[in-house]
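Here the structure comes first, spelled out in C-alpha cells, and everything after it is commentary.
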Amino acid sequence: MCCMIKFCLLKCLLIFFSAFKMSKCRKNITHFTDVHGLPSIEKIVRSVEETPEPISTVITGNIPEWINGSFLRNGPGKFEIGNQKFNHWFDGMALLHQFKLSNGQVTYKSRFLSSDSYKANKEHNRIVVSEFGTITMPDPCKNFFQRFLSRFELPGELAGYSRYNIIRVPPTKKTAGETLEGATVLCTIPSVDKSKPSYYHSFAMSENYVVFIEQPIKMDLLKIVTSKLTGKSISHSFSWDPKLNTIFHLIHKQTGELSSIKYIAKPLSTFHQINAYEEDGFLILDMCASDDGQAIANYNIQNLRKSGEDLDEVYNTLCRVFPRRFVLPLNVDVDTPYNQNLNRPSSTATAVRIDKTKVFCTHEDLHGEDLHQYGGLEFPQINYAKYNTHPYRYFYGCGFRHLVGDTLIKMDLQEKHMKVWEQPGLYPSEPVFVPSPNATEEDDGVIMSVVITPNKDRSTFLLVLDAKTFEELGRAAVPVNIPYGFHGTFNAMT
C-alpha cells in the first residue's frame, strides 16, 4: 500500500508541472474540423472536501468478486485557499482517492496530500506557495522548482549548463528515511541547449534500454529562478521550438552506457508512452504524441469553466494526440548503409542513417481513420504486469472529444480495430487493466475507470468493464463529489 501511494504521489507531482504556454497548433499538422456546442464541464474543477473514513457505494450490475484490492487515484481537489484562487488546473492541492474492492463490494475514501504547500496554505488560509500557473508575492515558502534547483550548483552565469540524469532506484528499502534512499545516477545526458533543457513527463523502458525523449518543449531556467522577481509564473518559462528535432537517447539499463547513435525525428510532443520492447535487433517504441507542443497549454481553470462558443474555441486550438510507433534499429555500426530504410517491411515506420551517429526516423500510425472521430487518444494503459517490455496486442485509453476524456477506447494493434465505451454527459478518466485470476489471454480481465458526472450532483462512479468485450459489468456510485483525476493504479490484496 505504501509503495503504491508513493507511485501515485510521484505521478501527481509530475503531472502538476506538465502544462506550458505555447503557440497555436494548426501549422504543418493534419487539419481537424472545428467542433461546436461542447457541453459545460466547469464542475470538474470545483473544490471538494476530503472523505478520510471509508464510505459505502451503491452497486449497479455486478462487480466481479475476484477483484480484491485497492484502486488508487490522484488529481487536484482544492482550487481555492481562503479568498484566493489558483490559475491552472494542475496547481490545485493534490487529493488521493482509494476505492477498496472486496467480494463484489466497494468502499471509498479520500485524503489531501499533506505536502509542505498544503500545510503552509492551510495555516495562512491563503496561497503562500507559488505553483506552475499561480504566482504569489511575496512567496514565503520555496516552491517545487526552487527546491529542485537548489540541489544544483550552476557555474558561471545562473543557467550555465544543464544535463539530464537517469536515476536508478533500488526496488526495496531496508531502512526508514528518504523515499529515494540508495538511488544512484545511471547515466548523465548533456542537454542540446545548455540553458534551456527539454521538458519531459515520462520516459520509456524496454528490457535492456531506457529511452529518454528530448523534445522541443523548452524550459528557460533563468526565467524559472527569477519568476518571483518578474512576477510571472513558471508557465511563462516554457516554450515550443518547432525548429528543433526530437531526439531519442538510448541508455543501457545494466551498464549505463549512452548509445553513440542518436535517433532523430521531426518535432513532436509526448507525455505518455504506451510500451517499448526489443525484437529481432530493433527497439519498438509506442507512444501517444502530437505534432506540436501546445498539448494542454490552455488548461487553466478559467478556460475549463467556460461555456458555449468560448469553450468551443479553447478546444479547437488544441492539438490532437494519436498513438504512434517508432522502430529503432539497434545494430548500427560502421558497415550500416546510409540513405536507405533500415527497418523491416512489416512496418511503415522508417529509419534512415543520415550521418555517422544519426538515424532519422518516421512513425507508423497505431490506429485507423475511425479514431479521428473520437479526438485522438491519451492516458494509454496496457496489461502492464505481463506485457510491459514485451510484444503485445492491446492497449486502452481515453478519447478526447472534449477538453477531458469523454470515451474509453480499446485498441487492437493486430487488426487496427477499436472498441468504444461512451455515454452522453459522462467523462471517464484513465483506464487501468486488472487481469483475471489465472488469465491466459492478454485481454482476460477488467478495465476500471472513475467516471465523472459534472452535470449531476454526487453521482460519480467507479466503472468496471469486461476488457475482452468492453461491455459494462458494473458500477459503484459514490455519494460525494469527486473532481476529474489523472493517474491511477491497482494494488491487489495478497
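Would you mind classifying the chain by shape? Square roots of the alpha carbon gyration tensor eigenvalues, ordered a ≥ b ≥ c; an a/c under 1.5 is rounded, otherwise it is prolate if a/b is larger than b/c and oblate if not.
rounded
Starting from 0.36 nm per residue, how many nanometres of slack lie between Glu181 and Arg344 once their C-alpha separation is accounted for?
Fully extending the segment from Glu181 to Arg344 adds 54.4 nm.
So what is the relative contact order for the chain, in percent, with contacts set as C-alpha pairs under 8 Å and at least six apart?
17 percent
Report the local net charge at Pro197: Lys and Arg +1, Asp and Glu -1, summed over other residues whose C-beta lies under 9 Å from its C-beta.
Summing Lys and Arg as +1 and Asp and Glu as -1 gives +2.
Take the alpha carbon gyration tensor of segment 296-441, find the square roots of its eigenvalues, order them as a ≥ b ≥ c, and report rounded if a/c is under 1.5; if not, report prolate when a/b exceeds b/c, else oblate.
oblate
Sum up the charges of everything whose Cβ sits under 10 Å from the Cβ of Gln423, counting Lys and Arg as +1 and Asp and Glu as -1, but leave Gln423 out.
Summing Lys/Arg as +1 and Asp/Glu as -1 gives -3.
For segment 229-245, in order, what is each residue's ³J(HN,Hα) by Karplus, 6.51 cos²θ - 1.76 cosθ + 1.60 with θ = phi - 60°, in whole Hz (x at glycine and Pro)?
6, 7, x, 10, 6, 4, 4, 6, 8, 9, 8, 10, 10, x, 7, 9, 7
At most 13 other Cβ atoms within 10 Å and a DSSP loop assignment: could you name the trypsin sites (Lys or Arg not before Pro) in segment 329-365 that fit?
Here the trypsin sites (Lys or Arg not before Pro) that fit, given the DSSP loop and packing criteria, are Lys356.
Starting at the first residue of segment 279-286, write each ³J(HN,Hα) from the Karplus equation 6.51 cos²θ - 1.76 cosθ + 1.60 with θ = phi - 60°, in whole Hz, x for Gly and Pro.
Per residue, the Karplus-derived 3J(HN,Hα) values read 7, 6, x, 10, 10, 8, 10, 10 Hz.
For the pair Thr317/Ser56, report the inter-label distance in nm, with labels modelled 7 Å from Cα in the Cβ direction.
Here the answer is 4.9 nm between the modelled labels.
Run the numbers for Ser115 and Gln302: contour at 0.36 nm per residue of separation, minus the present Cα-Cα distance, in nm.
64.8 nm
At what distance in nm do the modelled label points of Lys194 and Ser102 sit from each other, each positioned 7 Å from its Cα along Cα→Cβ?
Result for the modelled spin labels: 5.9 nm.
From the cross-link list Lys223/Lys253; Lys78/Lys196; Lys43/Lys419; Lys109/Lys456; Lys194/Lys243, which pairs have alpha carbons spaced over 23 Å apart?
Going by Cα-Cα distance, Lys223/Lys253; Lys78/Lys196; Lys43/Lys419 fall outside the 23 Å limit.
So what are the ³J(HN,Hα) numbers for segment 194-211, from phi and the Karplus equation (6.51, -1.76, 1.60; θ = phi - 60°), rounded to whole Hz, Gly and Pro as x?
So the Karplus estimates, Gly and Pro as x, are 5, 9, 9, x, 7, 7, 9, 9, 7, 9, 9, 9, 9, 4, 10, 10, 9, 10 Hz.
Only the coordinates and a few stated rules stand behind these numbers; no lab work does. Bear in mind that the values here come from a model prediction, so they are computed numbers and not experimental data. Quick reminder, even Gly has a Cβ in these numbers, built from the backbone with ideal geometry, and neighbours come from all protein chains shown.
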